[in-house]
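Engineer: Got a structure here, written out as structure tokens. Questions coming.
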Amino acid sequence: MLQNPENCWRWDRERNLARTPKIAIVGSGIVGASIAWHLSRSGAQPVVIEAGEAGGLATRSSWAWINASWGNPEPYFRLRHRSMAMWHDLERDVPGITVAWGGGLIWDMPTDELDAYARQHSAWGYGIARVGALEAQRIEPQLASPPERALYVAEEGAVEPLAATLALLAAAKSRGAEIIPRQPVLNLVERAGKLVGVETDGGMIDADEVVLAAGVATPELAAPMGIEIPMTAPPGLLVVSKPHSRLLNGLVMAPEMHLRQTADGRIVAGDDFGGSDPGEDALVSARAVFDQLKNLLRSGETLEFDHFSLGYRPTPGDGFPVVGRPQSIAGLYLATMHSGITLAPAVGRFAASEILTGRRDVLLAPF
């Protein structure tokens, strides 16, 4: 349950307008970084605390597809679609953020599901075009076997996840945010029913509010406060090629795997957008995925394996974002989700506004 908006920082701030609110953000992945940027832009003082290196863990291992694709109810589609548009705002406002808006070509589901997806999302305003083999080949000329039927969404894109996250953190820091890497948070500190900061292995950090954007670590940190967050953390293995001349124009979601090409020419691929199951030997699995990748593209045999990444995707039990204040304790804000790349701009802006003013955006209401 979410708190009443009156039980929030806004009311303390109205009693003490001269004091800048200090917000501790646990986790420096794309979601925590976006919240930090939007808070700093609004005049707050965020302190971002990260157990490892700045940028987090799940973010740097993301396939980084920006989309509002199939399989979601309309309220979640609306949030995702709005956040896609907000990525354009970040490109304009944050130095170092560039999105590759190459579009997404998809045919990784049975024909009846593909048609149902197109009908539903077209009715919701998603720019889906039905394409045949000739058009698919025009969109992605290097496909070895273009699909007879596919869908194309020109407004989808991808971002380099770690680069974008570090750019957000740098922009927040330029406005006064503090970034503390390599300092695990041990406990949330409560006094008289309200969080007042966090205890790290480097000492106590006082805060007016604590934001948990720590991905798979969020449930463990929240549990002592009596807050249960059901979550799974499925692994995802992605293979990455050495830089190569341009083979892909955008994102490709084929039945065999999902793949995209980075600005420096690397192909990033996995069994789906979350990555492959690594099995018992991740390197063996990565090599097998890479061999399959080469068969999907013309001149694919010229691709060279560079490395693989293995990430664990923080996925709430019902699959939907957990964003907002729990009712059971004051001074805590939760922000954990899968699809953090797509949702980071909207969650960052809406969370910052809710933390500082108490106003909850209508798009967050179901979550």
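The values are calculated or read from the model by the stated rules, or taken from the named source; none is laboratory data. Keep in mind the model is a prediction, meaning the values are calculated, not measured. Note that we place each Cβ from the backbone using ideal geometry, even for glycine, and neighbour counts take in every protein chain shown. Side chains included, ligands, DNA and RNA excluded: accessible areas come from the protein's heavy atoms. Shrake-Rupley method; radii C 1.70, N 1.55, O 1.52, S 1.80 Å.
Engineer: Any residue at all in region 217-225 that is of a type in the set (S, T, N, Q), part of a loop (DSSP other than H, G, I, E, B) and modelled with pLDDT of 95 or more?
Structural biologist: First, pick out the residues of region 217-225 that are of a type in the set (S, T, N, Q): 218.
When the remaining residues are screened for being part of a loop (DSSP other than H, G, I, E, B), the result is none.
No, every residue in region 217-225 fails to be of a type in the set (S, T, N, Q), part of a loop (DSSP other than H, G, I, E, B) and modelled with pLDDT of 95 or more.
Engineer: Restricting attention to region 342-355, which residues are open to solvent by less than 10 Å² (accessible area, probe 1.4 Å) and not polar (S, T, N, Q)? Please lay out each step first, then the result.
Structural biologist: Going residue by residue through region 342-355, those that are open to solvent by less than 10 Å² (accessible area, probe 1.4 Å) are 342-348, 351-352, 355.
Answer for region 342-355, where residues must be open to solvent by less than 10 Å² (accessible area, probe 1.4 Å) and not polar (S, T, N, Q): 343, 344, 345, 346, 347, 348, 351, 352, 355.
Engineer: Residue 151 - would you say it is modelled with pLDDT of 95 or more and part of a helix (DSSP H, G or I)?
Structural biologist: On the way: modelled with pLDDT of 95 or more: yes; part of a helix (DSSP H, G or I): no.
Here the answer is no, as residue 151 does not meet what is asked.
Engineer: Report whether or not residue 214 is among the aliphatic types (A, V, I, L, M), in contact with a strand residue (DSSP E or B) (Cβ under 9 Å, 6 or more places away or on another chain) and without any contact (Cβ under 8 Å) to a residue 24 or more places away in the chain.
Structural biologist: Considered against the rule, which asks whether it is among the aliphatic types (A, V, I, L, M), in contact with a strand residue (DSSP E or B) (Cβ under 9 Å, 6 or more places away or on another chain) and without any contact (Cβ under 8 Å) to a residue 24 or more places away in the chain, residue 214 comes out as no.
Engineer: Also, I was wondering about something else. Which condition breaks for residue 329 when tested against (1) surrounded by 24 or more Cβ atoms within 10 Å (Cβ to Cβ); (2) among the aliphatic types (A, V, I, L, M); (3) within 18 Å of residue 225 (Cβ to Cβ)?
Structural biologist: The number of the failed condition is (1).
Engineer: Looking only at region 89-109, which residues are more than 17 Å from residue 41 (Cα to Cα), within 16 Å of the chain's Cα centre (by Cα) and either of a type outside the set (Ser, Thr, Tyr) or buried (at least 20 other Cβ atoms within 10 Å of the Cβ) (or both)?
Structural biologist: Once the filter is applied, which keeps residues that are more than 17 Å from residue 41 (Cα to Cα), within 16 Å of the chain's Cα centre (by Cα) and either of a type outside the set (Ser, Thr, Tyr) or buried (at least 20 other Cβ atoms within 10 Å of the Cβ) (or both), region 89-109 yields 99, 100.
Engineer: Okay, moving on. Quick one: residue 248 ticks every box in (1) open to solvent by 10 Å² or more (accessible area, probe 1.4 Å); (2) modelled with pLDDT of 95 or more; (3) in a loop (DSSP other than H, G, I, E, B); (4) farther than 27 Å from residue 33 by Cα except a single one, so which number is it?
Structural biologist: (1)
Engineer: Checking the structure you have, find out if any residue of region 292-300 is open to solvent by 10 Å² or more (accessible area, probe 1.4 Å), of a type outside the set (A, V, I, L, M, F, W, C), on the phi < 0 side of the Ramachandran plot and not in a helix (DSSP H, G or I).
Structural biologist: Yes.
Engineer: Does residue 197 count as open to solvent by less than 70 Å² (accessible area, probe 1.4 Å), assigned to a loop (DSSP other than H, G, I, E, B) and at positive phi?
Structural biologist: no
Engineer: Taking region 228-243 as the search range and keeping residues that are assigned to a strand (DSSP E or B) and open to solvent by 40 Å² or more (accessible area, probe 1.4 Å), which one is modelled with the lowest pLDDT?
Structural biologist: 235
Engineer: Tell me the residue from 138, 60, 82 that is open to solvent by 60 Å² or more (accessible area, probe 1.4 Å), more than 30 Å from residue 301 (Cβ to Cβ) and either among the charged types (D, E, K, R) or outside any loop (DSSP other than H, G, I, E, B) (or both), please.
Structural biologist: Numbers: 138 fails: more than 30 Å from residue 301 (Cβ to Cβ); 60 fails: more than 30 Å from residue 301 (Cβ to Cβ).
Of the residues listed, the single one that is open to solvent by 60 Å² or more (accessible area, probe 1.4 Å), more than 30 Å from residue 301 (Cβ to Cβ) and either among the charged types (D, E, K, R) or outside any loop (DSSP other than H, G, I, E, B) (or both) is 82.
Engineer: Being under 23 Å from residue 85 (Cβ atoms) and more than 21 Å from the chain's Cα centre (by Cα) is the filter; apply it to region 150-174 and report the residue that is surrounded by the most Cβ atoms within 10 Å (Cβ to Cβ).
Structural biologist: Ranking the qualifying residues of region 150-174, first place goes to 151.
Engineer: Which residues, taken from region 179-188, are open to solvent by 30 Å² or more (accessible area, probe 1.4 Å) and outside any loop (DSSP other than H, G, I, E, B)? Step through it out loud before you land on a result.
Structural biologist: Narrowing region 179-188 to residues open to solvent by 30 Å² or more (accessible area, probe 1.4 Å): 179, 181-184, 186-187.
Correct list: 179, 186, 187.
Engineer: Let me ask something additional. State all residues of region 309-324 that are touching a Ser or Thr at 6+ places or on another chain (Cβ under 9 Å) and either under 19 Å from residue 247 (Cβ atoms) or part of a loop (DSSP other than H, G, I, E, B) (or both); if no residue qualifies, say none.
Structural biologist: If the condition is that a residue be touching a Ser or Thr at 6+ places or on another chain (Cβ under 9 Å) and either under 19 Å from residue 247 (Cβ atoms) or part of a loop (DSSP other than H, G, I, E, B) (or both), then 313, 314, 317, 321 are the ones that fit.
Engineer: Among the residues of region 304-343, write down those that are charged (D, E, K, R) and out of contact with any strand residue (DSSP E or B) (no Cβ under 9 Å at 6 or more places or on another chain).
Structural biologist: From region 304-343, those charged (D, E, K, R) are 304, 306, 313, 318, 325; that's our starting set.
Hit for region 304-343 is 318, nothing else.
Engineer: Restricting to region 251-272, what's the tally of residues that are part of a strand (DSSP E or B), open to solvent by 10 Å² or more (accessible area, probe 1.4 Å) and without any contact (Cβ under 8 Å) to a residue 40 or more places away in the chain?
Structural biologist: 1
Engineer: Give the residues of region 273-290 that are open to solvent by 80 Å² or more (accessible area, probe 1.4 Å) and touching a strand residue (DSSP E or B) at 6+ places or on another chain (Cβ under 9 Å), sorted by residue number.
Structural biologist: 273, 277, 283, 287
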